[in-house]
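Down below is the structure, laid out as structure tokens.
The values are calculated or read from the model by the stated rules, or taken from the named source; none is laboratory data. No experiment lies behind these values; they were computed from the predicted model shown. Virtual Cβ from ideal backbone geometry, glycine too; neighbours counted across all protein chains shown. Remember, those area values only see protein heavy atoms, side chains included, never the ligands or the DNA or RNA. Shrake-Rupley method; radii C 1.70, N 1.55, O 1.52, S 1.80 Å.
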Amino acid sequence: MKNKLVLYFSIIAVIFVVSCDKITKATDFITQPTAREIYARNFKNDSVPYIEWNAAFKSALADSLNINSPYLETGKFNPEIYPVYSYEVSLEQGRVYSFMVETDSLNPLVFLNLYEKTRDSLRPYRLIEEAAHQEKEIRFSTKDAGIFKIIVQPELGAKSTFAFRLTSTPAYHFPVAGASANAIQSFWGASRDGGKRSHEGVDIFATRGTPVVASVPGFVGRTGNRGLGGKQVWLRERMFGNSLYYAHLDSIIARDGQRVEVGDTLGLVGNTGNARTTAPHLHFGIYSSGSGAINPYPFIKEESPIDQNSKVGDTTLTYRIKNSVANLRNAASAKANKIGELTRNDTIRVLGKSDGWLHIETFNSQRAYLHESLVK
């Protein structure tokens, strides 16, 4: 009888646990908790390590180190200091950005939060994107250029090596078949007509007759031979709600109202209109319904490849300054702003490494970049 009672209550307990798990999943489906909210369930409200871990995250919003795409930083999470990495980055309209963290086989949870800088003095940053639970990447494209902040924080006790990468790709396919941004010889804002107007696009030079292709899926708004642009095609897209302008064509292939996919031929490179004295090229422009002409270059430029083979090394050690003076920078560049200095034998903790530069923390908890040649 006693064994039957034990079996009965064991079955009830299993049913209760399974039911609670199903209820939690069902509730999560409706409420969509964040990755941090899910992680917080593992701790009591009075858990000191969790409180300090969370406080480190909140204080990271005050960091002001700058990075640009492409960027790679490698290192090893040091659980003794509640590691958290915070970077400001300028994002351009027309790019698709990837913020990604790779870890070793220990595979700890890593939390990524992307904020946008605001003009509100009380809430200077607004959360706009967060990596899903157990995910280590945010892909993001902004409708308006601005200053953003990405914060990377591993779970409590994480000891994994890591590689943090920021990369970007153009939102649009390149508009001239077989060409790249290297073929652009006249850029946005260049002077025209003796300074009476500025260039509202980019000029992509190519052999006459080279196919001009759709950079995005959309429909042809209109075609024709008129004005400065000569033979031209207007393509309407839905991603950003922009109109793409293809001008100086040698011939037009697309038809008014035609639906096209990426890579479909719209026309052929030429020099019609006011480009008759210029070598064959495509004038490519982008017009927004809200702000008029916008710079098309970010929408089509390729990004330089990033070195994928950087060694991590041991970044948990303490280093000393070996020069009489060592300048601290707000970015991994000798041209970056100086935000402080250290002197010989001052100690630092290395948080990560990026292309010859150390992401460091000083003895008074200041975060900065320091060239690795200055330490021992």
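In table form, for the structure just shown:
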quantity: For the stretch 50-135, size of Cβ-based charge dipole, Lys and Arg +1, Asp and Glu -1, in debye; calculated: 300
quantity: Label assignment, semi-axes √(5λ) of the Cα gyration tensor in Å derived from the structure, set (i) 49, 32, 17; (ii) 52, 25, 19; (iii) 34, 27, 19; calculated: (i)
quantity: In degrees, nearest ten, helix 48-59 long axis to first principal axis of the chain (Cα); calculated: 20
quantity: Sites F363 and E37, calculated FRET efficiency, Cβ-Cβ separation with R0 22 Å, nearest 0.05; calculated: 0.05
quantity: Order of exposure, largest accessible area first, which applies to M100, M239 with probe 1.4 Å; calculated: M239, M100
quantity: Computed magnitude of the charge dipole of the stretch 166-323 (debye, nearest 20; Cβ of K, R +1, Cβ of D, E -1); calculated: 360
quantity: Probe 1.4 Å, protein heavy atoms only - accessible area per residue of the stretch 193-308 in square angstrom; calculated: 46
quantity: Burial order of peptide ranges 205-216, 345-356 (average beta-carbon count within 10 Å, highest first); calculated: 205-216, 345-356
quantity: S198 accessible area, assembled protein chains, probe 1.4 Å, Å²; calculated: 60
quantity: Members of K136/K353; K149/K335; K117/K322; K149/K338; K44/K143; K149/K301 lying beyond 28 Å, as alpha-carbon distances in this model show; calculated: K117/K322; K44/K143
quantity: Selected from L122, L358, L328 as most flexible by GNM, with the chain as the system and alpha-carbon contacts under 10 Å; calculated: L122
quantity: Rounded to the nearest 10 Å², the accessible area of W234 at probe 1.4 Å; calculated: 40
quantity: Folded to 0 to 90 degrees: helix 2-31 orientation relative to the chain principal axis, Cα; calculated: 30
quantity: Per-residue SASA entry for T318, accessible area with 1.4 Å probe, Å² rounded to 10; calculated: 100
quantity: Solvent-accessible area, 1.4 Å probe, carbon plus sulfur percent, for the chain; calculated: 51
quantity: Whole-Å distance, taken between Cα centres, linking the stretch 177-219 and the stretch 32-75; calculated: 43
quantity: Furthest towards positive pole of dipole, A190, G352, I339, structure part the chain, Cβ charges; calculated: A190
quantity: The chain - mean residue ellipticity at 222 nm from DSSP helices (-39,500 (n - 2.57) per run, n ≥ 4, rounded to 500); calculated: -4500 deg cm²/dmol
quantity: Cβ charges +1 (Lys, Arg) and -1 (Asp, Glu), total dipole of the chain, debye; calculated: 340
